[in-house]
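The structure appears right after this line, and notes come after that.
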DNA sequence: AACAAAAGAAACCGATCGGTTTCCTTTAAA
DNA sequence: TTTAAAGGAAACCGATCGGTTTCTTTTGTT
């Protein structure tokens, strides 16, 4: 197995463990046993557990946004439809068997300091998603695309928390109805 | 110091430590040194760390809702004004020096299993807040009080996450403007 | 002043933590 | 086929984890 893929192999096995059980609660020993590698190998590719966590979060950012964008582009025919499709993506996600909330919200809960490297990755992840939403709003010829993206982002975050903390599997549907209001408002005031 | 107050003493000192550094990352040794009690005493009043965590979350639920309700009732003159005042409360909270997000969202991140006792306390905390919002909506003669409370709850959760993860100290202002839309919508369709 | 309960200090427990080192086997390239 | 790097297994490291025990001091009550 080549170096690059071995590194990826470890990351992909560590990811679901961190996601399901948290970062502090997941030990290195468990990760290597699940990945089928030795400690020596893990520490060859990652200089510390913090380094591994950072790499996992970066990977998760890539995977998650790729899925979000792909599904949104697939489901939405118009730019306006794509904005609404964001919530269909959320709905499907919330109803997956292995849904444990947003990994970045969860990471921010354990690394509360906003200056912490892991927290920064979380903040940047959210920024990238907001930028994508804004690009969709722009595509829909909405003048106040920044305002709308901030609004839809709040709705998405709220739906995620409601789904995870309260176990409300239909929170994305509720948020979608709310999103319609703001999209129509933004379109009408253009 | 009487038994009851000593128990409360430990809880009140453990609370900010858990809030700031998380649950798994906060050790018993740190808690007793901050509280100025011995391990023996701590384990006299709490049968385990999990038990202490549960007690801290229960205490936090009481303190937080008391503050939310008091401030909301103080700021809002009408029932409608109280619904909006919820977001003024959030705004003040987000701008406190020691704001590290919602302790219940954070706890749910570490105890992801929805059946976990600590997660259940978090879910119930959110239910109680939704019930309070609903009572305000009812007071404002809004027929669909359940729907509105669910909507405002999503906005509040979204604002909290945005404030904590992205450090946006004005997210409550944005959410408040969004809330106005739904309050007016609920009032007009009555 | 005598006494019992409460609580502090600290040693101690086994387990686990993140991380390093040693030794041996597998692998792949020359 | 020789050789060297890669990687697995596991011992080992000091530190810390949650939790218990022992022993001593403090406290409050009679």
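How well do other chains shield peptide B:101-107, expressed as the mean number of their Cβ atoms within 10 Å of each residue Cβ? Kindly include the intermediate steps, with their values, before the conclusion.
Working: counts 4, 3, 1, 2, 9, 6, 2.
Other-chain Cβ atoms within 10 Å of each residue's Cβ, averaged: 4.
Once the Cβ-Cβ distance between residue A:139 and residue B:50 is put in as r, and R0 is 45 Å, what FRET efficiency do you end up with, to the nearest 0.05? Efficiency for this residue pair is about 0.35. Projecting label points 7 angstrom from Cα along Cα→Cβ for residue A:78 and residue B:58 puts them 5.4 nm apart.
Can you give the angle from 0 to 90° between the axis of helix A:79-94 and the longest principal axis of chain A, with both taken from C-alpha atoms, to the nearest 10? Relative to chain A, helix A:79-94 is tipped by roughly 40 degrees. Highest GNM mean-square fluctuation among A:47, A:130, A:174, for chain A modelled with Cα contacts below 10 Å: A:47. Remark: spin-label model distance residue B:180-residue B:97 equals 3.3 nm, labels positioned 7 Å along the Cα→Cβ axis. Cα centroids of the range B:88-156 and the range B:167-190: 15 Å apart. Against chain A, whose longest principal axis is taken from its Cα atoms, helix A:117-139 shows a tilt of about 30°. Distances from residue A:62 to itself in the other copies, using label points 7 Å out along the Cα-Cβ axis, amount to 5.0 nm in increasing order.
Rounded, prolate or oblate: pick one for the protein assembly as shown, where a ≥ b ≥ c are the square roots of the eigenvalues of its C-alpha gyration tensor, a/c under 1.5 means rounded, and failing that, prolate if a/b is larger than b/c, else oblate. In terms of gyration-tensor shape, oblate.
Kirkwood hydrodynamic radius of chain A from all distinct Cα pairs, in Å?
Values: mean 1/r = 0.0561 Å⁻¹.
It is 17.8 Å.
Its relative contact order, with pairs defined as Cα atoms under 8 Å and 6+ residues apart, puts the range B:21-150 at 23 percent.
Each 10 Å bin from 0 upward holds the following percent of the Cα-Cα pairs of the range A:1-46: 29, 58, 13. On C-alpha positions alone, give me the angle between the axis of helix B:145-165 and the longest principal axis of chain B, in degrees, nearest 10. Tilt relative to chain B: about 50 degrees. Based on the Kirkwood approach, the hydrodynamic radius assigned to the range A:7-77 is 13.0 Å, with every pair of different Cα atoms included.
Between residue A:124 and residue B:41, the simple label model (points 7 Å from Cα in the Cβ direction) yields a spacing of 4.6 nm.
Read the figures in this text as sums done on the coordinates, not as results from a lab. If you're wondering where the values come from, they're calculated on a predicted model, not measured in any experiment. Heads up, the Cβs are rebuilt from the backbone with ideal geometry, glycines too, and the neighbour counts pull from every protein chain shown.
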